[in-house]
Structures are given as C-alpha cells and as structure tokens.
Amino acid sequence: MYKLTIILFFLSSVLVNAQTLKKQQTVNQNWQFRQVGKTEWHSAKVPGCVHTDLLDNKLIPDPYYRDNETLVQWVELEDWEYRTVFDVEQNLLAKSRIELLFKGLDTYAEVYLNDTLILKADNMYRSWTVDCKKLLKLKDNSLRILFHSAINEGLRKASLQTYRLPNHNEKTEESRKSGSQTRKSPHQFGWDTHPRLVSCGLWRPVELTGWDFARIDNIYAEPVATGVQKAEFKIHTEIDVHTGKKYKLDIYLENSKKPANTKTISLNKGTNTETLSLTINNPKLWWPNGMGKPNLYSVKIVLSDDEGIIDEKTEKIGVRTIEVVRDKDSIGRSFYFRVNGIPLFIKGSNYVPDDALSTRVTNEQYKTTVNLAREANLNLLRVWGGAIYENDIFYNLCAENGILVWQDFMYACSMYPGDTAFLENIRQETIENVKRLRNNPALAIWCGNNELISGWHDWGWPGKPELNISKTDSAQIFEDYLKIFNDIIPGVIKQYNPQTFYWPSSPGSEPGIPSSLESGDLHYYFVWYGSYSIQSYKKVIPRFMSEYGVQSLPSYYTLKKYLAPEDENLFSPVMMHRQKSVMPWITPDMEGNKMLMRYIREDYKEPKDFESLVYLSQLFQADAIKIASEAHRINKPRCMGSMYWQFGDAWPNIGWSVIDYLGQKKAAFFVAKKAFRNVSVIPALNDTVIGPETRLNVFVNSDSIKAFKGNLTIKLLDFSGKIVLSKELNIEVEALSNAVFYTVPLSELLEGLNKEELVLSTVLKVNGLVVSENLLYFNHPKYLLLQKPEIKTRITKTLKGFEIALFTNTLAKSVYLSLPNGDDEFSDNFIDLLPNQTVKIKLNTTVSINELKSKLIIRSLIDSQK
C-alpha cells in the first residue's frame, strides 16, 4: 500500500507538471499557394518563398540558368495567396493563452485565421505574434495569408513624394525603383552581386504556443566583470505573466543539477523583468579563431511555481570582452578590435547568404560555410546590410568556431523614409534583432548601414537630376537619416545591448563623416571601378579595410551547369546579362566584363579558350587579394583589419566571391587562406614600380599571442631550380608583431640577372616545421619567361581519399588540379610548384585510384595562354 501511494503521488506530480508546461506545435505543413486572380492551388513549402514554390511546381524556369532571370520578372508584380488547414493538439488548445507566431512574413501580408483578419504585416525583418485563443478550434482551422506585391506597394508609397529617394543599386529603371520604401532584403531588388528576384512568402516558420500562468520571453546575459579568476553576469529574464502570483527562478550552469542561483519572486500580470546574478569561477575564455578556443557555457533559466516547471530557456554564452578602440594618434584615430585585452588584427570577409533565394539555404550549408571560414583562417565575418539578419544557426556556428560577427543593420546604398509609421516599424525591428543576437559571444560590432554616408557625400546623391531633390528635400532626407542612424538604432542598442560597439555607417572616418585613410574604416574600389592597378593596394593603407575586392568567374564546372555551349564567350548576350557590375553613373562604359578582360590582359597573356579565361580570371582575383591583404598586414598596427569582398556566392554569376555558388573554391580562397595564416612570412617590394631606390623587405608578421624563435630561409632561384642566392637566419619573433628580418636594395640583389626568370622563395620554420612559405616574382606573370613544365604525380591511398605528390622539372606556375565531376576537396590548389620540390595535396573523395589517375586534370599557367 505504501509503494502504491508513492507511485500514485509520482504519477500525479508528473501529470501536474506536464499540464503546467508551455506547449508548442508548428504550422508548417499542408500549405498551398496560388496567384491572386487564378483558381488553381499548388503545393507550397513553409519556410519558403513564392519563387521556390513556383520552381518546385515547374511553373517558372530556373532563373539562374542562362538569362532566365528575365522570364520571371512578372512574379514581382503579382499578389499571391497562401493557405493551410490544421488541427490543434488537445493539450495545447486547453491552455488559457494561445499565440500564433509568424517568425518571418515577406513582406506586405494580410493574415486570416478562420476567416477573421488577425494581422497586417509590413516588415520582413520582424516576427509577428497574435493572441488567437478565441478563434481556434480543435479541428480544421483555416489559415490564409494574402501577400501584396512589394513593387506595387513600394511604388505607391514613392508616388506620395515629389522626389525620389536615392536607391543606388536597384536593378531597374530609375522611375521604378522602390526598394527603400519597404523593409525587405535590398538584394532581392537586384545588386551587383545578385539577380533581381523580388519575392514574397512565409520565409520563416509558423508556430502555435499555448501556456497558462507565465512564460519566459527573453534572457539577457549582461556581462558585469570578466577576469581570470571569475566572471560575473547579471541574468535579466523577461517574463510574460498571465496569472499574478509567486514563482521561482533557477539558473543552471552547464549540466549541473544544482542551481547556480535561485530566487522566489512575486510577479504581476503583464511583462516582468527579474535579475539574478551568475558567477563563473576560473572561467575558460571565449577566443576568436587563431587566438585560442571559443569556449562556451550553457545557461538554463527555469521558471516554476508550486506545481512544477512552467517554462525554461537555454542560452549559450561566452566569457570575453570585445572592444573597438578609437584612440587618437599621430595619424588620426585608430579603429581596431581588442579581445580579452589583446589587440586583434582582423582577417575577415564579407558574407552574403549562400543563395539569393535565401530560404533554400540548408543547415548543412550553414555548417559548411562557417567551417570553411575557419579553414580559411578568418576570424570575422561581416553580415552585410543588403541581405538578412541571419538565422540563429549561423550565429551559433560562428560562436562555436570562433568567428566574430560584424552585424550590419539591413540598410544599404539607399536613403530611407522618415514618416512616423516607418520609424516605429524599424524601431521594433531593431529591438527584436538586438535582443535576439545580444547574448551571442561572437557579436563584435553593430553597424548602422552600408555606404549611405558615402553615397550622400561622395557619390552625389542629392544632386542627381533624375531624383528631383530640392535643397529643402535634401535637408529633410538627411534629417530622416539622422533619426534612424543617430537616434533610433543607437538608442535601442544603449537600452538593450550597451556593451557592444555601434558604428553608424561603413565606411566612415567618424560618425557622419566620409571615410579617409587616417581614421575609421574604408571600402576601397578604385581597383575595379576606378580602373586602378591592383598594385595600388600597396599604397592605399587605411586604419581598417572593411571592403575590397575584384571579380572573377565561377569554376568552369559550375558555369557549364548554367550555360549553353553557345554562351561560352565573355561577351555573349547571356554572359553580358549575367554581369551585374554595370554602373554607367561611374563612367559611361563601366561594364564589368570589359573591366575583367582589361585587368586580365594587364597581368596575363591572352587566354586560349573560354575555360582558360575562367582560370585566368581566378588567378587575377587571387593576385589582387594577396597583394592587398599582405599590404594590410605589413602595415600593422596602422592598419588593423583586412576584409575582402566576398566569401560565398548567392548565385552562379560573374562575381566577387572566393567560393562559388556550388561550393567550388576559387584560386583566391587558397591564396587568402595562406595570406591569413596566424604567422606569415611576406617578401615585399617597397615600390609599386621597380626603380633605382626599390628595396626588398622580408617581413614576418605574427598574430600569435606568444613570442617564438624560428628559422627563416631566403633563396633566389631561377625557374630551372638553380639557387642564385641563399640565406638562413635564426630569428626571434615577438608576440603580435610585424618586423622586417631581411632587407636589401633590389638592384644589388638582381645585379647582372634577368628578373623575368627569377623567383624569391621564403620559408619560415618553427621547431623544424614549416609555418609559412611565400614566393615573390619581379614582374607581371605575362612577362615571366616560363617553360613548359613536366609535372609528374605520385598518388597514394589515404583514409578519406588520396595524397597526390607533385613534382616538376621547371617552375610550374599556378598549378590547378580538378576532376570533371566537380570534386573539389583538394587541401590546396593553384600552387606554384618549384623544381627540386615535392608538394603533397590531399583529396577527400570516393573515386577509385584508377578513376583518379585517368580523370585528374592538371593545368598550369603556360597551358592557358596563347
């Protein structure tokens, strides 16, 4: 009888606890959609968008194939309707409060539940919550959403003004530009990196949540003190209370069964905020990639009453300090990141979603992208302001891999309205996204916008006649700018995330002041848009380079999937359409394909065919990123950041990425990976053009927080492998240093020699292991006196594939390995292979050794030029 009583008591406790817990269910199933005005419904996916649904139902062609983008432009002008029917779980329907949560509606949407209008939405970047208890039933609930054309609505709003807001990059005629009127991904309207695919739909999940007494809405882990012996946080818990009474809050650290802190609280109906302290003794610090381990702590908040647990929420936090240092100095004002008290040289890239139709990006793709960022020796990714506030998985992966996040707010290359409704809309958008991301230890900086100050002050937006902006209009537009970026956004950050630095506009020298070389950050595109030589990177040294780069073609493997054979010409109609870097307001003939060809011819001989053009375009991009990133590093600490544009690609275009749309690594990926090693040997000439005063300097640049001793070998060789000069130096490298360990007048080094057949080899070893090696040539590649190399291989089986050993009898420049099936898991590629040297490359693959031997393609520079 005693045992039976205990069992009954236990079952009763479990039942009560189950009844008090919050209940949730998704509403992502059985969706259909149709074009408004049509009768036929089609299956839809949620999350998703109308373009992906049309594609899945074979109602539009693939917009990425050839110039099919032009065939789907009608979609943006139509209204679209989505519907589903769902049942509510009995235990959820029994809850006293039930809310329907739309995590993302793109964009102008009317929502009907059981034929009752419950919501009008107008912001892609916000979630929307509706109390719907009274409207729900157990079976056959109908949910219908009408999406209005963002183009038509944007044009309607624009027509209310006598002037047009500057909308720099939108890919349509000036009179139809409307993107800045709508809180929606700017890239959907077309960009120099993206096709024009103005979509709509339920782009994030839909959830039903039921609860009785109270629930946890939000947690803020505010760092109070960070030290070696202990770290202290204030854990602010925002609680939505339906029934006012006594509750209990517990904090659990990691997997401990004992709470780290507990508090009994009396809560009133409505929103309540309670604060508990949390101390972590002897904490393991969170470090960026290259500085240490990105240690994370799991913090769980449990809300309960006398009957048991009501709700709980878990956050991952890191113990670290991140500062952006803006000290005045003899140059101007610094701009650098200091992490856990240590200055950090940023080796970063600019990130865009891996698909222009961003709902197609899978969790596996997110993992691959962030893992590749770590492999590429990046310590920061900038979430660019022309796209989206990313999904939680992206930020979590960055935290787990030590990748800092520079987070733009979603404003780019446009000016924005300043009416009361618009400003309140973006204030709520800002609050939601700041609260969502503020606990993530990877979050390093908030940035208000991308290039708005540049456009207003440097690109002449106010004076463009087609915009019809009067002096009075101009003053109003800029006043609206200040309301958004000097008032609303920093005000929200100050209230909800004050410890994270805010930078109003990138680039800029000071808030509201255009960029300069002496202060702040810089976007540098005189290489490309200004037709400057890539050698100019050596002389343009800002305090922090947050954007630079040039275009290249995707891999030939990728292009073949999206082109017909007749398109394989850079100036074919299809390839001209796919080139989005067409900007006649810079110069009348500013067209990207012409620019790309001009730059290739500047450094390389004429390509012998289209596939060779692809290869040479990637070598040109790699050269540019190598020259720029090395110039930034050897000018440390004046310059404390190098962030190339861009990391991955949103579609298979002629573009700026180092990894193409299908995940194929371009030459620049491998070159930048080596340039961003924690310790790098960098041979550099002090002039962009060789002259009588030119010197060779061999730098060792270290981002290591520890000093070390090493062996530096410097060799001057001819292309046959003959050593002309050899020096070996034992060196001591200080922590976080940048120093020259060998210097010589170039005229002395090359006296009596032909520089077109020489290469300087530098190798740095620590404890007998190579930590960095680098080559320097003394002329453009097209002038080098290369001979046809005989490249030989030795292939051996490994656990995950093969090791390929490469040998040559003479210099083999830019050796590229590929397989026809697109297998791209080479550990290195686009290498310069010296005679008397063995280079081993690993390939992860499932092909057989015989297939590898028969299908492996090896190309070098001399094979690609006429």
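Observations
- Zero-based 10 Å bins, Cα pair distances in the stretch 711-866, whole percents: 9, 33, 31, 21, 6, 0
- Scaling the Cα radius of gyration of the chain by the globular reference 2.2 N^0.38 Å produces a ratio of 1.02.
- Distant-in-sequence amide H partners of Trp286 (H built 1.01 Å from N, under 5 Å): Asn295, Val319, Arg320
- With a cut-off of 14 Å on the backbone N, the residues of the stretch 152-184 near the modelled label site 7 Å out from Leu77 along Cα-Cβ are 152-153, 155, 173, 176-177.
- Simple point charges give the picture: +1 on the Cβ of Lys and Arg, -1 on the Cβ of Asp and Glu, and for the stretch 165-269 a dipole about the Cα centre of about 340 debye.
- Only Cα sites of the stretch 643-725 enter the Debye sum here, all with the same form factor; the resulting log10 I(q)/I(0) across q = 0.11, 0.15, 0.26, 0.27 1/Å is -0.54, -0.87, -1.18, -1.22, listed in q order.
- Between the amide H of Cys132 and those of Ile98, Glu99, Leu100, distances stay under 5 Å, these residues lying 5 or more places away or on another chain, with hydrogens modeled in the peptide plane.
- Normalised convex hull volume, the stretch 384-524, alpha-carbon set, Å³ per residue: 120 Å³
- When you count the other C-beta atoms within 10 angstrom of each residue and take the mean per peptide, 400-408, 420-428 line up highest first as 400-408, 420-428.
- Restricting the calculation to Cα atoms, every distinct pair contributes to the Kirkwood radius of the stretch 631-782, found to be 17.1 Å.
- Legend: calculated FRET efficiency, Asn697 to Glu375, from the Cβ-Cβ distance at R0 = 25 Å, rounded to 0.05, equals 0.25.
- The loop-placed GluC sites (Glu not before Pro) in the stretch 172-279, going by DSSP, that have at most 14 neighbouring Cβ atoms within 10 Å of their Cβ come out as Glu173, Glu254.
- Distance between the modelled labels on Ile331 and Ala564, one decimal in nanometres: 5.3 nm (7 Å Cα→Cβ projection).
- Here Lys367 and Thr26 are evaluated by their C-beta separation; at R0 = 35 Å the FRET efficiency comes out at 0.95.
- Accessible carbon and sulfur surface of the chain relative to its total accessible area, %, 1.4 Å: 51 percent
- When the convex hull of its Cα atoms is projected in every direction, mean area for the stretch 290-387 (nm²): 10.8 nm²
- Each pair of Cα atoms in the stretch 459-540 enters the Kirkwood radius, and Stokes-Einstein at 20 °C and 1.002 mPa s then converts it into a translational diffusion coefficient of 138 µm²/s.
- Across the stretch 34-42, computed HN-Hα scalar couplings (Karplus, 6.51 cos²θ - 1.76 cosθ + 1.60, θ = phi - 60°) run 7, 6, 4, x, 9, 9, 7, 9, 10 Hz from first to last residue, x flagging Gly and Pro.
- When only Cα pairs below 8 angstrom with a gap of at least 6 residues are kept, the stretch 435-550 shows a relative contact order of 26 percent.
- Extension gain, Lys464-Glu312: 0.36 nm per intervening residue step, less the Cα-Cα distance, totals 49.2 nm.
- Overall dimensions of the stretch 237-343, expressed as equivalent-ellipsoid semi-axes from the Cα gyration tensor (√(5λ), whole Å, largest first), are 38, 18, 10.
- Computed over all pairs of different Cα atoms, the Kirkwood value for the hydrodynamic radius of the stretch 207-279 is 13.5 Å.
- Vicinal HN-Hα couplings computed from phi for the stretch 118-126 (Karplus, 6.51 cos²θ - 1.76 cosθ + 1.60; Hz; Gly/Pro x): 10, 6, 10, 10, 8, 8, 4, 8, 10
- Sorting 30-38, 712-720 by their mean Cβ neighbour count within 10 Å, with the most densely packed peptide first, gives 712-720, 30-38.
- Å³ per residue enclosed by the Cα convex hull of the stretch 77-145: 82 Å³
- Unsatisfied cross-links (Cα-Cα over 20 Å) in the set Lys594/Lys673; Lys560/Lys626; Lys347/Lys782; Lys709/Lys765; Lys538/Lys636; Lys765/Lys840: Lys594/Lys673; Lys560/Lys626; Lys347/Lys782
- Under 14 Å from Lys263, Cα to Cα: aspartates and glutamates that are on another chain or at least 8 residues apart: Asp250, Glu274, Asp305, Asp306
- Scattering from the stretch 58-181 was approximated by placing one identical point on each alpha carbon and applying the Debye formula without solvent; log10 I(q)/I(0) at 0.11, 0.18, 0.21 1/Å stands at -0.55, -1.03, -1.21.
The values are calculated or read from the model by the stated rules, or taken from the named source; none is laboratory data. The structure presented is a predicted model; accordingly, all values stated were derived computationally and were not measured. Here the Cβ is made from the backbone with ideal geometry for all residues, glycine too, and neighbour counts use every protein chain on show. These accessible areas exclude ligands, DNA and RNA; they are computed on the full protein's heavy atoms, side chains included. Shrake-Rupley method; radii C 1.70, N 1.55, O 1.52, S 1.80 Å.
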